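First the structure, in the form of structure tokens, and then the observations on it.
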Amino acid sequence: MNLIDTHAHLTYPELENQIDDVLSRSRSAGVTGWITIGTDRTHNQRAVQLAQRFDRMFAAVGFHPHHANEVTADDIAFLEQAAQAEKVVAVGETGLDYHYDNVVPANQERVFRAHLEIAARYHKPVIIHTRQAFDDSMAILAEYRDTIPNIVIHCYGGDFAQTKFVLNRGYYISFTGTVTFKKSDALREVAKTIPLDRLMLESDCPYISPEPVRRIQPNEPALIVHTARCLAGLHNLDEDTFANQITTNSKKFFALP
């Protein structure tokens with residue numbers, strides 16, 4: 001296989017502190033490209049720096065909705081500058097997360113809209129985090145339908161109705177190891193319905209190790225081969241055919257060289 005991990009947190013210490021070994025294992029497994037994702041100001045800076053160190057590594061910059069209460073106007077100005085940096089290929093992850101009640105929804109919306117404005121201004125694709133906030137997330141994204149080149153819903157866990165809505169909007173869907181979990185039968189049924197040209201893969205490492213290696217911690221890019229095999233089987237495709245299509249999608253979505 002030849003895959004791209006489209007959503008990895010390689011600046012988290014459990015991975016960054018062994019980054020050469022992590023990437024060596026990744027290449028050996030057939031995962032030869034990576035997009036490392038920023039979640040706060042420090043990790044955005046490190047993501048850009050890390051991407052500049054390695055061939056076939058790129059960065060996305062954003063503030064996770066869990067940090068929305070603390071995001072200042074200065075942070076947004078920093079984000080706009082970072083979005084223009086070399087090898088930054090997307091804005092995000094960004095969005096809405098209502099799972100916890102300690103982040104004010106109005107602050108989340110403020111920060112989310114700031115990301116979308118930056119993405120529209122610089123024609124960058126956007127990586128969306130939405131958790132228990134699907135309707136509100138989609139309503140805000142609708143306002144930017146004609147100004148943002150590509151949108152992906154990351155760590156996808158939607159039902160059939162939500163999936164139909166997302167696909168009708170022209171968005172992409174990215175799966176983590178959750179689709180491989182023993183209790184994820186409903187999600188696997190959803191995954192079968194998604195057109196191959198709208199799918200991408202991610203580790204979301206250091207979290208969400210897939211079956212059958214779920215006990216391996218931290219998760220790392222090499223392990224997305226198990227997610228790929230699961231999805232290839234759901235689509236009745238051999239692994240290489242599936243991987244080639246998914247990699248083509250990733251390159252197109254992020255405008256990778």
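The values are calculated or read from the model by the stated rules, or taken from the named source; none is laboratory data. All values reported here derive from a predicted model rather than from experimental measurement. Cβ atoms come from the backbone with ideal geometry, glycine included; neighbour counts cover every protein chain shown.
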Discussion item. Can you confirm whether Ala232 is part of a helix (DSSP H, G or I), touching a Leu at 6+ places or on another chain (Cβ under 7 Å) and hydrophobic (A, V, I, L, M, F, W, C)?
Written reply: no
Practice prompt. Would you kindly identify the strands (runs of 3 or more DSSP E) lying entirely within the range 1-72 that contain at least 2 residues that are under 14 Å from the mean Cα position of the chain (by Cα) and more than 21 Å from Thr227 (Cα to Cα)?
Written response: 57-61
Worksheet item: Could you give every pair whose Cβ atoms fall below 9 Å, whose first residue belongs to the range 46-57 and is of a type in the set (Phe, Trp, Tyr), and whose second residue is in a strand (DSSP E or B) and surrounded by 13 or more Cβ atoms within 10 Å (Cβ to Cβ), counting only separations of at least 6 or pairs across chains?
Response: Phe54/Trp34
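A quick yes/no check of all residues on (1) buried (at least 17 other Cβ atoms within 10 Å of the Cβ); (2) in contact with a His (Cβ under 8 Å, 6 or more places away or on another chain); (3) assigned to a strand (DSSP E or B); (4) free of Cβ contacts under 8 Å to residues at least 12 places away in the same chain:
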site	(1), (2), (3), (4)
Val152	yes, no, yes, no
Cys155	yes, yes, no, no
Val179	yes, no, no, no
Val190	yes, no, no, no
Item to complete: Might you check whether a residue that is at positive phi and modelled with pLDDT of 95 or more occurs anywhere in the range 77-85?
Response: no
Discussion item. Tell me whether the range 202-211 contains one or more residues that are over 16 Å from the mean Cα position of the chain (by Cα) and of a type in the set (Asp, Glu).
Written reply: yes
Practice prompt. Please state which of the following conditions Thr241 fails to meet, knowing it meets all the rest: (1) of a type in the set (Val, Ile, Thr); (2) part of a loop (DSSP other than H, G, I, E, B); (3) more than 28 Å from His123 (Cβ to Cβ).
Written response: (2)
Fill in: Every residue from the range 210-229 that is in contact with a Leu (Cβ under 8 Å, 6 or more places away or on another chain), assigned to a loop (DSSP other than H, G, I, E, B) and either among the aliphatic types (A, V, I, L, M) or surrounded by fewer than 20 Cβ atoms within 10 Å (Cβ to Cβ) (or both)
Val213, Ile216, Pro218
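Does the range 129-161 hold any residues that are among the charged types (D, E, K, R) and either closer than 16 Å to Met200 by Cβ or touching a Leu at 6+ places or on another chain (Cβ under 6 Å) (or both), and which are they? Even if it seems obvious, please write down each step before you answer.
Taking the range 129-161 first, the residues among the charged types (D, E, K, R) are 131, 135-136, 143, 145-146, 159.
Once the filter is applied, which keeps residues that are among the charged types (D, E, K, R) and either closer than 16 Å to Met200 by Cβ or touching a Leu at 6+ places or on another chain (Cβ under 6 Å) (or both), the range 129-161 yields only Asp136.
Give the residue, chosen from Arg41, Arg56, Arg25, that is of a type in the set (Lys, Arg) and touching a strand residue (DSSP E or B) at 6+ places or on another chain (Cβ under 7 Å).
Details: Arg41 fails: touching a strand residue (DSSP E or B) at 6+ places or on another chain (Cβ under 7 Å); Arg25 fails: touching a strand residue (DSSP E or B) at 6+ places or on another chain (Cβ under 7 Å).
Arg56 is the lone residue from the list that is of a type in the set (Lys, Arg) and touching a strand residue (DSSP E or B) at 6+ places or on another chain (Cβ under 7 Å).
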Response to the item:
Within the range 78-110, residues being surrounded by 15 or more Cβ atoms within 10 Å (Cβ to Cβ), out of contact with any helix residue (DSSP H, G or I) (no Cβ under 6 Å at 6 or more places or on another chain) and in a loop (DSSP other than H, G, I, E, B) number 1
Worksheet entry | Set Arg113, Arg121: member being in contact (Cβ under 8 Å) with a residue 40 or more places away in the chain, of a type outside the set (Phe, Trp, Tyr) and surrounded by fewer than 17 Cβ atoms within 10 Å (Cβ to Cβ) | Arg121
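Quick one: how many residues across the range 157-177 are among the hydroxyl-bearing types (Ser, Thr, Tyr) and assigned to a loop (DSSP other than H, G, I, E, B)? Show your work before the answer.
Restricting attention to the range 157-177, the residues satisfying the condition of being among the hydroxyl-bearing types (Ser, Thr, Tyr) are 163, 171-172, 174, 176.
Still in the list and also assigned to a loop (DSSP other than H, G, I, E, B): 171, 176.
So the answer is 2.
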